[in-house]
Each structure stands twice: as C-alpha cells, then as structure tokens.
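Structure record follows, encoded as structure tokens.
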C-alpha cells in the first residue's frame, strides 16, 4: 500500500487566493512532497458573480500548469467537502500531511467571538493527523472600531471652544427670551430651556464630531443645573422632577452627540474616500501614459510619494533570476536587516508584512505584494512615519495602491511583449517577402537577362545572329533589367522610408517635366501600350519632391502596364483639383475588386496574387502611399465607368499660370505604339 504524504491547498473565490498557491508551492519545494489544489463546489458556487467563477477557473488552471494535482469535489458545505476528501486520501494511503487555507480578517465584535472557517476545519481534520497552516490573505486587517468610526482622535482646542461658545449662546438666547416674555408670566425652568441647549449639542456634534458634542452636552447640563434648577446659582437638585428633567436632557444630548458624531465621521470618511479615489484615478491616468517600465515607475514613485507623504520603493525580480528581488526605483532605499527579512517574507509568502502586521520584525517599513491575476510581479515598500495610525482605512488604501501599481506595470509588460511579438511578425513577414522576391520576382527577370544574353552570345558565335534578332534579345534583357532594378529600388525605398533615413527635398516643380522623364525611363515597359497625356490649358508648378514623385508616378504607371492587356491605352491627365494639383492615371485593365480598393496600398499585398506574370514585391503602391503622405498629399484609386482603375495623385500646394497657345501645348500626346514606333524613335 502506498504511504506517501502530500500537501493540499484549499482555494475559493477570494481575490488573493493566488497567495495560497505560492505558499503551497514553497511548502512543496521545502519538504519535497507533492501538492494538490482542492476546490469544494457548493450550491453557492452557482450564485457567485461571473468574475468570481472565472477567477476560480483561472487559479485551477495556473495550479495545474505549475505541477499541482487539481481536485474539484461537490458537497453541500465547504467543511464537509474538505473532511470527506481528506478521509478518502487517508484511506487510499495518500494522507494529507499539511492543509493550507486562507483566512480574511474578522470584522465586527460578534465575528471576533466566532471561530473562522479555517479554525473549524482544523478541528474536523485533527483525527487524520493533518496539520492546518492558516495564511492571512490580506495581511493583518484593522477592524474599524467606534474609536475609528467616531474619529476620537486629534481633538483640537477650537472644537472644544466651539462647544463652550454654543452653550454660552444657548444660555444668552434663554435669558433674552425670559426677559421678553416675563410680562406674561413665563418662567425659565428646566423643561422650558432644554431645547436651546439640545440645539447647541446638535450643531456642535454635526460640525466637529462626538467629543465636541459631549462637551456641549455636559456644559449644557451644568449650565441648566446652575442657573435654572433650585437651589439657583449653585450645583444641586432640590426637586425630583428637576432631576428627572436633567437626566432626560443629558441622555438626549448624549444620544444626539453620538448620532451627530457618527454622521460627521461618515461624511468625513466619504470625503476622504472620494479624495483618495480621485488620487488613484490620477495615478492610473498618469502612469498609463508611460510607454516603458522605467517611466511608469518614475511616475508612480512621484505621485504615490506625494499622495502618501511617505518614502516608497519598488522591488522587482531581475530577468535572469525571477525568484529574487532587487531595488529598481529609486536607486537607494534605507533598509535594515530586519526590513530585508520582512521584504523577503512578503515576496516568499505573497502577503503584507512589516509595520502594522503580525510579522513586523521591528521594521518601520510596510511591504505590500504587487499581485495580478497572473501572479505576483514584485513588492512595494512604504516607510510609514511614527505619527501615522495604521487603521483599516489606511491598510485598504495601501492595498489598493499596490494593486493599481501592479496592474499598470503588468499592462506595460504585456504591451512590450505584444510590441515585440508584432516586430517579430513584421520581421518574419519581411524575411518571407525577401525570400519570395529572391526566389521568384528577382530571380525571374535575372533568368530572362541571362537567357537572352546567352542566346545572343551563342547565335553570334555561330554566325546566325541577324540585326532584328539581336535587337529583340537585347531589348528583352534591357526590359528585364529595368524590371529587376524597379524591384530592388522598391525594397530599398520601403526600408529607407520605414527607418526614417529618407529626406524630402521639396520645391516648385513643373509636372510636365516629370512626365517627360517617366516616358524616357519606361520606354521599354511601354512598348506594347500607348501612353496618352491630357494636359490642361493652364501651366502648373507644384510643391513636391521631384525624384520621389517620379518614383511614385513610375510605380503607378508600371502597375497599370502589368494589369492592362497589350495594345490598350494608359491615360494620364494633369488637372487642378480641390485647391490642389492631381495626376490622374487611368488604365483599361480589369479594375480592382471593391473590397480591395484600400488593400492595394498595403505592403506585400501583391504576394497574394497567384499569377506569376504580374507578380511583384507588393511594395510599389505601398511606397507610393508613404511618399505622398510624407508630402502632405494623398493617393487614391477607384474603378472608372469604362472599366479599369484610375489612380489619383493629389498635391495640396500648386501655382497655375496664364493659358498657353494650343500650338505650343498640344492637347494630346502619344507614345509607344508598338515595336514599329520604337524602331522609328530609335
């Protein structure tokens, strides 16, 4: 029979249950025993909020990933489910040596008298010789007492003075009223003047809290006894009725003071919470604007130090040793050996340590773990001044600040990882594109060049090379060389644009001169097409970079040549448009699918085409868009009515001049009507 002890940790939907997983993993590492996780699914499980159920599932998944045996049992109550599971493990020869459970702080006098869930489980499993390790989930919690709720601290002299002044005013009001109504037989007795002094107690307690209200009540009681109860001008009570009246007044004044003080404390607490919430929002907003961890830590340090008026420090694990801690901000922190013990305990057990906790180690620092849903990421240390009273409100504030800082640092880390992932994807995409270009788009024209020149050389040596064949082979090699040069230029241009190395030399340029250069550079590409240029009657000068614009126009015309049937026209129109200037390039090809009108300007889009005759690097139009945007212009495309695509290159700045004579500027020019026209031009 097996007799292997094991460690078991019981979790629930508590937000800090991940602390228990860390404690169990540490215990397993220390003892060498296997460990498991138990979740008891009671009927209340299905009444939990969705976030709580997702938290439980996430914890079980994380536990399984780090090597724990995960168990889920159904039972009517948690204690019974734990007891039955431990009994079954004991019967199977796999006894539970240590059971790890979490325990939250108890709030309220009645809850202090009750045994906690962990303490009740401890009694139930004692018969199986199972030890129970109780882990505080949020460190030591301070239960707000009446002393806290009623703010019985920091009493100021002016508050006591206000109480005494209010009683004096109540006495003056009583005397004024007595003198005004003395003629109608009114006498100032106890039951006639108590209302004035009750009003004084109400105002004082609402304004300054319980202590001031009680001072007002006692001062009012004494004033009534001295001036309005026989024997007059002395402290004493002659009649039972006066004693009863004074007792009723004092009881009412005390009750009113308590209620007024509680209301004052509640109002002050709400105002403080609102102020802290605004401070937390400000911290989150400022730190979220940071783009890296160091920037976020600097902002968090400045804002939290200003909010708390305390020294703080951030400790995070180094990349090479995730189990250790090192100070990352600020550069120095005054920690004693006792402080370092508390810091290490906070990191090892993922719980609040130091000042104000059970594991203080005589430390003047308080250490809060930085935890997220994915686990712990570090520790924030707060040096608490001696005059600060550590109550429950302060503890919750520090815990909230730690959670806020942890979420911000995790977001930055995740953003960095996503950015690096995108960069890797882009590099892989670029690598694939380059490999594709080298293997096909660059290799194909290179093979044509080598083949044409090889045939030319062999035929020449054999004496079978006539002039027409020689011209045809050389023209083929030249055309493929230009195509190869265009591919390489596109790759280099896109690299330069994305790296920011390219600069633009913008000046006033005549667009007709650009067209003339395009005709010369693309003469071989236009052998099988007719290039038609429609000029406006006006003459233009456009603010542009001449060389880069020629590259853009060449890419657009080359794209039109690729997709237009042989013998068709490619038309370019120069015109004023939208207070600027535009090149309109229209082809007679098949056009662009409606869903691809914007995608044609994406990088590598051409790699998706399967037709090897029109394949390219897929960078020509992407470069064109980048260049036009750098010049504050734009490039758009649409399908025109007669079929085919029409690209528009628009520039915002232009100058137009007087009309020209048509004789000097013919409306239509044609170029490249086939091989016959090429020979004539040559």
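The values are calculated or read from the model by the stated rules, or taken from the named source; none is laboratory data. Please read these numbers as outputs of a predicted model, since none were measured by experiment. Positions of Cβ are backbone-derived with ideal geometry, glycine not excepted, and every protein chain shown enters the neighbour counts.
Worth a mention:
- Sole exception among (1) touching a strand residue (DSSP E or B) at 6+ places or on another chain (Cβ under 8 Å); (2) at pLDDT below 65; (3) part of a helix (DSSP H, G or I) for residue 122, by number: (2)
- All conditions but one from (1) part of a helix (DSSP H, G or I); (2) out of contact with any helix residue (DSSP H, G or I) (no Cβ under 9 Å at 6 or more places or on another chain); (3) exposed (fewer than 14 other Cβ atoms within 10 Å of the Cβ) apply to residue 4; the one that does not is (1).
- Unique match (being more than 20 Å from residue 174 (Cα to Cα), surrounded by 13 or more Cβ atoms within 10 Å (Cβ to Cβ) and in the same structural domain as residue 166 (by TED's automatic domain parsing)) among 226, 208: 208
- Here residue 404 meets the list (1) outside any helix (DSSP H, G or I); (2) modelled with pLDDT under 80; (3) surrounded by 17 or more Cβ atoms within 10 Å (Cβ to Cβ) almost entirely, failing just condition (1).
- Listed by first and then second residue, the pairs linking a residue in region 477-489 that is more than 15 Å from residue 555 (Cβ to Cβ) to a residue that is at pLDDT 80 or above and not in a helix (DSSP H, G or I), with Cβ atoms under 8 Å apart and 6 or more places separating them unless they lie on different chains, are 479/527.
- Boolean, residue 367 is buried (at least 18 other Cβ atoms within 10 Å of the Cβ) and at pLDDT below 80: no
- Sole exception among (1) within 48 Å of the chain's Cα centre (by Cα); (2) modelled with pLDDT of 85 or more; (3) over 13 Å from residue 648 (Cβ atoms) for residue 565, by number: (1)
- All strands (runs of 3 or more DSSP E) inside region 519-595 with 2 or more residues being buried (at least 22 other Cβ atoms within 10 Å of the Cβ): 540-545, 569-577, 580-586
- The residue that is farthest from the chain's Cα centre (by Cα), counting only those in region 27-62 that are more than 20 Å from residue 16 (Cβ to Cβ) and without any contact (Cβ under 8 Å) to a residue 24 or more places away in the chain, is 32.
- Sole exception among (1) surrounded by fewer than 17 Cβ atoms within 10 Å (Cβ to Cβ); (2) touching a strand residue (DSSP E or B) at 6+ places or on another chain (Cβ under 7 Å) for residue 306, by number: (2)
- Scanning region 321-356 for residues that are within 28 Å of residue 28 (Cβ to Cβ) and in a loop (DSSP other than H, G, I, E, B) yields 321, 322, 323, 324, 325, 350, 351, 352.
- Residues being buried (at least 17 other Cβ atoms within 10 Å of the Cβ) and at pLDDT 80 or above - total across region 283-303: 7
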